[in-house]
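Engineer: The structure is given below, and queries will be raised subsequently.
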Amino acid sequence: MNLRPDLAIIARHVRPGARVLDVGCGDGDLMAALRDGRGVDARGLELDATNVALAMARGLPVIQGDADSDLAGYPDQSFDYAILSQTLQTARAPDRVLEELLRIGRRAFVSFPNFAHWRVRLSLLWGGRMPVTRLLPERWYDTPNIHHLTIDDFRAHLRERAITVEGAWFLSGDKNTGGAAANFLAEHAVFLLTRNPSR
């Protein structure tokens with residue numbers, strides 16, 4: 001199975017045999033890869049009913065729910081990893097969703113598109129219109145993205161909340177790029193987070 005590049009990074013770094021909650025799991029691509037390739041006990045939460053049905057047809061334990069309102073029922077530290085891939089920018093309260101991920105999981109993977117990528121900047125500067133790119137294909141009126149964030153925004157938020165970064169990966173053209181100029185060069189980012197690096 002060919003995983004989306006950010007999902008492939010996450011899949012490579014989840015410990016075999018771990019217990020995982022994939023929030024906004026889509027049709028279950030990552031869950032299936034973790035189950036089949038790493039023996040992971042993966043559970044999913046997905047808003048879209050069609051995706052829930054597709055994931056369940058693959059034998060995956062997925063329930064329909066909303067990251068903004070349905071994470072409160074999960075016990076503290078009930079998963080080794082909580083995963084939120086390409087969903088943070090669609091949440092109504094992304095800061096609260098992030099706090100819930102770090103409460104539910106001992107570690108959290110978060111990936112998101114970088115709205116400071118140079119193509120996005122140029123598109124807005126020269127075109128004067130909201131950017132439509134390979135990773136941001138929707139137009140302003142049909143995009144699910146309601147909180148546009150950049151890598152530097154996210155790094156600042158983590159510092160303010162004393163959240164520890166255990167790993168970070170930056171992708172441009174689906175290939176890794178360095179972290180130093182990631183806010184300008186990376187199309188999307190993956191972070192591995194925890195509140196306590198000793199766990």
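The values are calculated or read from the model by the stated rules, or taken from the named source; none is laboratory data. Treat the numbers as computed from the prediction; the structure is a model and nothing was measured. Neighbour counts run over all protein chains shown; Cβ positions are idealised from the backbone, glycine included. For the accessible areas, the whole protein counts, side chains as well, though only heavy atoms, and no ligand, DNA or RNA atoms are used. Shrake-Rupley method; radii C 1.70, N 1.55, O 1.52, S 1.80 Å.
Engineer: Kindly state, to the nearest 0.05, the FRET efficiency for ASP36 paired with HIS13, given R0 = 22 Å and r defined as their beta-carbon distance.
Structural biologist: For R0 = 22 Å, the calculated efficiency reads 0.85.
Engineer: Over the chain, what is the mean sequence separation of C-alpha contacts under 8 Å (at least six apart), divided by residue count, expressed as relative contact order in percent?
Structural biologist: 19 percent
Engineer: Output the 0 to 90 degree angle, nearest 10, between the alpha-carbon long axis of helix 29-38 and the longest principal axis computed from the alpha carbons of the chain.
Structural biologist: Here the helix axis deviates by roughly 50 degrees.
Engineer: Here's another thing I want to ask about it. Per the 1.4 Å probe, what fraction of the accessible area of the chain, in percent, lies on carbon and sulfur atoms?
Structural biologist: 53 percent
Engineer: Helix 94-104 sits at what angle to the longest principal axis of the chain, using alpha carbons and giving 0 to 90 degrees rounded to 10?
Structural biologist: Once rounded, one gets 30 degrees.
Engineer: Next up: Once you place label points 7 Å from the Cα toward the Cβ at ASN2 and ASP70, how far apart are they in nm?
Structural biologist: 3.1 nm
Engineer: Here is a follow-up. With the crude spin-label approximation of a point 7 Å out along Cα→Cβ, what separation in nm comes out for THR133 versus ALA162?
Structural biologist: If labels sit at THR133 and ALA162, their model points lie 3.4 nm apart.
Engineer: Right, next: Helix 151-160 against the longest principal axis of the chain: what's the angle in degrees, Cα atoms only, rounded to the nearest 10?
Structural biologist: Result, in degrees: 60.
Engineer: Turning to a different aspect of this structure: Provide the percentage of antiparallel DSSP beta bridges, counting only those with both residues in the chain; round to the nearest 5.
Structural biologist: Approximately 45 percent, going by the DSSP bridge assignments.
Engineer: Relative to the Cα centre, what is the charge dipole magnitude of the chain, using +1 at the beta carbon of each Lys and Arg, -1 at the beta carbon of each Asp and Glu, and rounding to the nearest 20 debye?
Structural biologist: 560 debye
Engineer: Give me the accessible area per residue for the chain, probe 1.4 Å, as a whole number in Å².
Structural biologist: Value for the chain: 49 Å² per residue.
Engineer: Something else now. Say we join alpha carbon atoms closer than 10 Å with springs in a Gaussian network model of the chain; which of ARG119, ARG92, ARG129 then has the biggest fluctuation?
Structural biologist: The residue that fluctuates most here is ARG129.
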